[in-house]
Structure formats: C-alpha cells, structure tokens
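Student: Can you read through this structure? Questions will come right after.
The values are calculated or read from the model by the stated rules, or taken from the named source; none is laboratory data. Everything numeric here is computed off the predicted structure, so don't read it as measured data. A quick note on method: Cβ atoms are made from the backbone with ideal geometry, for glycine too, and the neighbour counts reach across all protein chains shown. Note: areas computed on protein heavy atoms with side chains; ligands, DNA, RNA excluded. Shrake-Rupley method; radii C 1.70, N 1.55, O 1.52, S 1.80 Å.
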Amino acid sequence: MSRQSTSGSSFFSWVLLAPSTLFLATFLVVPGIFLIVLSLRDVDSMLMVSKTYSLSQYVTVFTSSGYLHALGTTLWVAALTALLCVLLAYPAAWLLVNMRSRTWRTVLYVILISPLLTSVVIRTFAWIVLLAQNGLINDFLHKFGLIESPLSLLWNMKAVIVAYVQVMLPFAVLPLATSLGEIPASLPRASQSLGADARHTFLHVVLPLTIPGMMSGAIIVFALAAGSYVTPLLIGGRLQPLLPIGIYQQALQIANLPLAAALSLTLLVVTACIAGIMSYIQKRWERRVYGY
C-alpha cells in the first residue's frame with residue numbers, strides 16, 4: 001500500500017472520529033473542567049461562591065468522618081452489587097447462549113433488555129409498590145397468615161441492594177453472554193474426549209475463558225452503582241450513608257455547589273481508579289489465557 005493511500009485512510013478515519021470527539025469534548029470534557037474549577041472555589045458564610053480559590057472543599061471531604069464513611073459504604077455497596085449481579089448473570093447468560101430454539105432465545109433477550117427501555121424511576125417506584133408496608137409482599141404474607149404486622153422492607157440498605165441488582169443485572173448478563181458465545185463448541189467436547197467430566201470441563205475450560213466477560217460486567221455494574229442516587233434515595237431514604245445522596249443534598253438542598261463538586265470529583269476519581277485496576281487485571285488474565 002502506498003504512502004498516499006495510507007495517509008488518505010488515516011485522514012478518513014479522523015473524519016469519522018470527529019463528530020464523536022467533538023460531542024465528548026463539548027458535553028464531557030468541558031463540563032468536567034468547569035466542575036474542577038468550581039470545586040476549588042471558596043464559599044462565604046451564606047454559602048455563596050466567592051472569587052478566591054483554595055483546597056478547602058477537599059480538606060472538608062477528606063477530614064470529615066461522615067463523608068469518608070459514606071465513600072466507603074458507597075464503594076462496598078457497589079462492589080457487593082457487582083458481585084451479586086455477576087453470580088446471578090452466569091446462569092442467565094448460559095441459558096441464553098445454549099438455548100437451541102432461536103425463537104425462545106429471542107424472547108429471552110427481549111425479556112432481558114426490556115427493563116432497560118423503562119425509566120429507572122419507574123422501576124424504582126415498582127419496588128416501592130412491592131416493598132411498602134401496604135405493598136404487595138406484605139399483603140400477600142398477611143393474607144396467608146405468615147405475618148401479624150407489616151414488615152419494614154423499605155428504607156434500609158438491603159432494599160437498596162436488591163433494587164440495584166434488579167436494575168443493573170442486564171449490564172452483567174450481556175458481556176458474559178458474549179464471552180460464552182465466543183467459546184468454540186469444540187473445546188468442551190475436546191476436554192470431555194480427553195477424560196474430563198462436566199465439572200472439570202467447566203472449571204478448567206469454560207470458566208477461565210469467561211472471566212473477561214465477568215470482569216467487564218462487574219466494572220459496568222460497579223461504576224453505575226457507585227454513581228446512582230435515584231434508586232437509593234427512593235428506596236433507602238435520604239438518611240442512607242451513600243455519597244451520591246450526600247452530593248444530591250449538597251447541590252440541591254443545601255446549595256453548597258463547590259463542596260458538591262469536590263464530592264463528585266472524589267467519587268469519580270476513586271471509582272475510575274478501581275475500574276482501572278479491574279480493567280488491568282482483566283487484561284492480564286486475557287494475556288494469560290489467550291497468550292496476547
């Protein structure tokens with residue numbers, strides 16, 4: 001290939017990338033810069049943004065036991081949600097990939113993706129209808145005499161985690177189904193022909209090849225759960241020690257915008273670092289398994 005055709009192909013590639021690059025620069029990079037600048041601004045006694053700059057907002061974040069506890073709780077809840085989603089996603093992805101009927105496979109994919117077409121607020125309110133003291137679950141248990149008084153199923157962290165898992169489970173199933181679908185059918189048969197039973201074939205052949213899909217799903221779910229505030233606010237209440245709720249309160253209720261910006265950037269950086277570490281582990285595992 002000549003140098004002229006190579007340069008032409010490179011120029012055409014940059015032309016194709018230009019719209020998405022411009023969109024990301026406009027709606028992601030520029031607001032991020034404004035957020036960084038805002039987090040460095042001081043506030044007066046009336047919480048009005050002043051013209052001076054300092055690190056006082058970050059000092060408040062990292063010296064406050066309440067914010068540090070909220071950050072730790074947020075990361076723990078996000079990690080637990082990612083783990084539960086991956087564990088529940090594996091059988092669902094296995095069923096999707098190994099379903100012989102193309103019609104039923106399409107139906108299962110539609111069932112899996114259909115919740116993503118519904119607003120997260122609507123899905124969260126559906127959980128309120130189920131878990132409220134006069135909701136469907138308490139009414140069912142009371143009707144059959146299993147309880148005497150309504151159970152407190154809302155306004156706690158367990159309800160938040162359950163709602164998180166339901167909302168974010170498809171994000172774990174799809175990458176895992178892709179990994180399972182890429183495994184050649186001859187590999188399990190070759191393993192069994194060499195004397196391995198179904199359990200050893202799964203543990204030593206199938207499972208290692210699906211670790212990248214599991215890690216991809218875990219990264220997506222972890223990042224989404226760490227930054228979500230609608231679901232925990234509606235299901236758990238505003239008193240739950242989660243950092244997104246604290247950011248919401250500082251920004252919209254207290255109107256301390258610099259502190260809300262500092263909290264947002266702190267959560268963003270910590271989440272990005274953890275996701276980066278998980279992505280690095282995923283790539284190391286791929287090099288080990290696939291040899292590249």
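Student: At 1.4 Å probe size, put R284, R100 in order of accessible surface, largest to smallest.
Tutor: Values: R284 125, R100 230 Å².
The ranking, largest first, comes out as R100, R284.
Student: From the protein chains alone at 1.4 Å, what is the descending order of accessible area for T73, T63, largest first? Intermediate results must be reported in sequence, preceding the final value.
Tutor: Details: T73 25, T63 105 Å².
If we order T73, T63 from most to least accessible, we get T63, T73.
Student: Sticking with this one: Label points 7 Å out from Cα along the Cβ direction at S64 and N134: separation in nm?
Tutor: Label-label distance for S64 and N134, simple model: 3.7 nm.
Student: Quick one: if the Förster radius is 41 Å, what FRET efficiency do A198 and W14 give, using the C-beta to C-beta distance and rounding to 0.05?
Tutor: Numbers: r = 50 Å, r/R0 = 1.23.
With a Förster radius of 41 Å, E is 0.25.
Student: Roughly how many debye, to the nearest 20, is the charge dipole of the chain about its Cα centre, given +1 on each Lys and Arg Cβ, -1 on each Asp and Glu Cβ, and no other charges?
Tutor: That gives a dipole near 700 debye.
Student: Using helices alone, I'd like the mean residue ellipticity at 222 nm for the chain: each DSSP H run of four-plus residues gives -39500 (n - 2.57), total over residue count, nearest 500. Can you show the working numbers first?
Tutor: Working: 14 runs with 210 residues, N = 292.
Taking each H run of at least 4 residues, the total per residue is -23500 deg cm²/dmol.
Student: I've got another one for you. Output the DSSP H helices from the chain with an along-axis C-alpha extent of no less than 18 Å and a mean Kyte-Doolittle hydropathy no less than 1.0. Don't jump to the answer; show the numbers that get you there.
Tutor: Values: long enough: 3-24 (31 Å, 0.57); 65-98 (49 Å, 1.45); 157-181 (35 Å, 1.63); 207-227 (30 Å, 1.76); 257-290 (48 Å, 0.86).
Going by DSSP H runs, the hits are 65-98, 157-181, 207-227.
Student: When all protein chains stay in place, what accessible area (Å², nearest 10, 1.4 Å probe) is found for L224?
Tutor: Roll a 1.4 Å probe over it and L224 shows about 70 Å².
Student: Here is a follow-up. Express in Å², to the nearest 10, the accessible area of I33 obtained by rolling a 1.4 Å probe over the protein heavy atoms while all chains stay in place.
Tutor: Solvent-accessible area, nearest 10 Å²: 100 Å².
Student: Count charges around A93 for me, please; just the other residues with Cβ under 14 Å from its Cβ, Lys/Arg as +1, Asp/Glu as -1.
Tutor: Details: positive: R105; negative: E182.
Taking every Cβ under 14 Å from that of A93, the sum is 0.
Student: Quick check: the distance between the Cα centres of segment 241-266 and segment 109-124, to the nearest angstrom?
Tutor: When both Cα centres are located, 28 Å separates them.
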